[in-house]
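**Student:** Encoded as structure tokens, here's the structure I'll be asking about.
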Amino acid sequence: MKALIIGGTRHLGVAIAHELAAHGYGVHAFHRGSTTATLPPDVTELFGDAREGEALETVLRNGGYDAVVDTILQSEDLDR
């Protein structure tokens, strides 16, 4: 199984990445690269801003993910 974590370098994202990797998922973390995280060594880091629709769309379209976890969603994002 392949999972994408959006905003995977802080708090909840890091914990989710560790759990998914421990359970055998191929984990990809999509983030801006502005925060250094202690991600498992086999996590693939993808750099970009999820709030830029085209960047996020490209990652989602090309990834073939079985699961997507968004850890940065805020209420104003729901208006899009």
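**Student:** Given the conditions (1) on the phi < 0 side of the Ramachandran plot; (2) modelled with pLDDT of 90 or more; (3) part of a loop (DSSP other than H, G, I, E, B); (4) open to solvent by 40 Å² or more (accessible area, probe 1.4 Å), and given that S34 satisfies all but one, which numbered condition is not satisfied?
**Tutor:** It fails just one condition, (2).
**Student:** Going by the conditions given, is G8 modelled with pLDDT of 90 or more, in a loop (DSSP other than H, G, I, E, B) and under 17 Å from Y65 (Cβ atoms)?
**Tutor:** Criteria not met by G8.
Conditions (1) free of Cβ contacts under 8 Å to residues at least 60 places away in the same chain; (2) loosely packed, with under 12 Cβ neighbours inside 10 Å, marked per residue:
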| position | (1), (2) |
| --- | --- |
| A22 | yes, yes |
| E45 | yes, no |
| D49 | yes, no |
| V69 | no, no |
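**Student:** Looking at (1) without any contact (Cβ under 8 Å) to a residue 40 or more places away in the chain; (2) surrounded by 11 or more Cβ atoms within 10 Å (Cβ to Cβ), find the lone condition where I6 falls short.
**Tutor:** (1)
The values are calculated or read from the model by the stated rules, or taken from the named source; none is laboratory data. Predicted model only: the values in this text are computed from it and were never measured. Quick reminder, even Gly has a Cβ in these numbers, built from the backbone with ideal geometry, and neighbours come from all protein chains shown. Accessible surface areas use protein heavy atoms only, side chains included; no ligands, DNA or RNA. Shrake-Rupley method; radii C 1.70, N 1.55, O 1.52, S 1.80 Å.
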